[in-house]
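A short worksheet on the structure shown next.
The values are calculated or read from the model by the stated rules, or taken from the named source; none is laboratory data. This structure is a prediction, so every number in the text was calculated from the model and none was measured. Don't worry about glycine lacking a Cβ; one is built from the backbone with ideal geometry, like all the others, and counts go over all protein chains shown. Protein only, heavy atoms only, side chains kept; ligands, DNA and RNA dropped before computing areas. Shrake-Rupley method; radii C 1.70, N 1.55, O 1.52, S 1.80 Å.
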Amino acid sequence: VRELDVAGSRVVIRDGALNDLWAFFATDRLREHRAAIVTDSNVGPLYAARVAAALETLVPVVITIPAGEIHKTRETWSRVTDEMLANHIGRDGVVVALGGGVVGDLAGFVAATYLRGIPVVQIPTSLIAMIDASIGGKTGVDVSAGKNLVGAFHPPTVIVVDPSLLATLPERELRGGLAEAIKHGVIADAAYFERVAREGRRPSFDLVARSIEIKAEIVNADPREAGRRKVLNFGHTLGHAIESASEYTMSHGEAIAVGMSLEARLGESIGVTKRGTADAVDSAIRAAGLPLSHTFDPADLLRRTRGDKKVRAGNVEYALPSEIGGFGSWTTPVDDAAVLSVLGRSP
Ligand SMILES: NC(=O)c1ccc[n+]([C@@H]2O[C@H](COP(=O)([O-])OP(=O)(O)OC[C@H]3O[C@@H](n4cnc5c(N)ncnc54)[C@H](O)[C@@H]3O)[C@@H](O)[C@H]2O)c1
Ligand SMILES: [Zn+2]
């Protein structure tokens, strides 16, 4: 068992935690609540009955949304909130988010806004949700202008992480999560980075737990992303550009794997990152079975980085490590020529 606090949330990490869910509702406030279990069409059939049964004295309503990022929308938010209203969930309600990051972000945003805000308990079921999406209190939905543009900070009361649930996660989703684990190693912990590269494709309990700790430390140091939290964007400036250029045929994890490889090279090319870092990043990415190269037009990718939230005063800012496990400054403005030259070369 591992327990920690992150930005006002209690995190419990334990294999089999799902069976003892009630223990984590130990505050009087949560135990008096009515629960809306929000899940998706893949995860619900696997785990919703177990979760509902574990909630002992609560009378849970299970609300199932169709699986997939395309359903992380205001329309789904409307449907879920309407269903909760129809079930007379009042201010004494609690949302239990059971699923991957899509469910977590959407259900978290429902909880943030329903009757001006009710508590949420996160039960992340994908590797990305366990080590990234459920930690830090960011919630929201996608809109036509872009991903995650409408949302709120709404820290969960409790985050229950049961790594044994990863047994049913499809292989490709698991690899996507490993990209974020590699990122956590690069930005904060060289020993952890080595371990992720060594463990390859089957994440152990400790791999999951340490990754959560790293994200928690960073978020606790800078909950509102004024400075240090920006390091979590490593690989994501170019990664997001690649993800959108692929029209989302590449998963987020696949795109940021390529993004990390490119950004490590970018850091080396402008003298911010120690030589050899990019090769080490590449070998960890390879070990996880993730891609390293892309076939997109460099000018198009560059243009896409300009639409990014991270643009400051015309220069796109990158989160570039000084070495594996270390940072000089949290962000570095980089001019177009340097970016183009890295995007143009293949690994
Ligand atoms: N709030 C944040 O800070 C934050 C951080 C990172 C990512 N995110 C968001 O998270 C989302 C991506 O999360 P994701 O990769 O978990 O996507 P997802 O929720 O779509 O889950 C991926 C797929 O795996 C299935 N699945 C999940 N757990 C399973 C299990 N245990 N067994 C079988 N199938 C399972 C899902 O049904 C889905 O089909 C994106 O919307 C992203 O914006 C948010
Ligand atoms: Zn990411």
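Regarding the range 1-96, what whole-number volume in Å³ per residue does the convex hull of its Cα atoms give?
Values: hull volume 12.1 nm³, N = 96.
Per-residue hull volume (Cα only) is 126 Å³.
With charges set only on the Cβ (+1 for Lys and Arg, -1 for Asp and Glu), what does the dipole of the chain come to about its Cα centre, in debye to the nearest 20?
340
Give me the number: length gained by fully extending Ser322 to Ser164, i.e. 0.36 nm times residue separation minus the C-alpha to C-alpha distance, one decimal in nm.
Taking 0.36 nm per residue and subtracting the Cα distance, the gain is 53.4 nm.
In square nanometres, what is the average projected area of the Cα convex hull of the chain?
About 15.7 nm², averaged over all directions.
Starting from the residue with the highest accessible area, list Lys274, Lys183 in decreasing order, probe 1.4 Å.
Largest to smallest exposure gives the sequence Lys274, Lys183.
With r as the distance between the Cβ atoms of Ala86 and Lys274 and R0 = 56 Å, compute the FRET efficiency 1/(1 + (r/R0)^6) and round to 0.05.
Efficiency, rounded to the nearest 0.05: 0.45.
Over every pair of different alpha-carbon atoms in the range 11-162, take the mean of 1/r and invert it; report that Kirkwood radius in Å.
About 14.9 Å, per the Kirkwood formula over Cα pairs.
Restricting things to Cα coordinates, could you compute the convex hull volume per residue of the range 200-347 in Å³?
Expressed per residue, the convex hull around the Cα atoms of the range 200-347 is 114 Å³.
What is the Cα centroid distance between the range 1-49 and the range 219-237, reported in whole angstrom?
Cα centres, the range 1-49 to the range 219-237: 26 Å.
What stretch of the chain, leaving out the sites themselves, is the longest with no GluC sites (Glu not before Pro) in a DSSP loop having at most 13 other Cβ atoms within 10 Å?
Longest stretch, sites excluded: 57-246.
Would you work out the relative contact order for the range 210-302, in percent, from Cα pairs under 8 angstrom that are 6 or more residues apart?
On the way: 91 pairs, mean separation 22.0, N = 93.
In percent, rounded to a whole number, it is 24.
For the pairs Lys72/Lys147; Lys72/Lys183; Lys230/Lys274; Lys72/Lys138; Lys147/Lys183, flag any whose C-alpha to C-alpha distance is greater than 18 Å.
Lys72/Lys183; Lys230/Lys274; Lys147/Lys183
Per DSSP H run of at least 4 residues, take -39500 (n - 2.57); add these up for the chain, divide by its residues and hand me the 222 nm value, nearest 500 deg cm²/dmol.
Helix contribution divided over all residues of the chain: -12000 deg cm²/dmol.
Just to be sure I understand the model, the point goes 7 Å from the Cα along the line to the Cβ. What's the resulting Thr57 to Thr27 distance in nm?
Reported label-point gap for Thr57 and Thr27 is 1.7 nm.
List the trypsin sites (Lys or Arg not before Pro) within the range 1-96 that fall in a DSSP loop (any state other than H, G, I, E or B) and whose Cβ has at most 13 other Cβ atoms within 10 Å.
Counting only loop positions with at most 13 other Cβ atoms within 10 Å, the trypsin sites (Lys or Arg not before Pro) in the range 1-96 are Arg91.
If amide H atoms are built 1.01 Å from N in the plane of the peptide, which residues on other chains or at least 5 residues away come under 5 Å of the amide H of Val38?
Here Ile63, Val96, Ala97, Leu98 satisfy the definition.
How far is it, in nm, from the label point at Asp5 to the one at Val143 when both lie 7 Å from their Cα along the line to the Cβ?
Distance between the two pseudo-spin positions: 3.5 nm.
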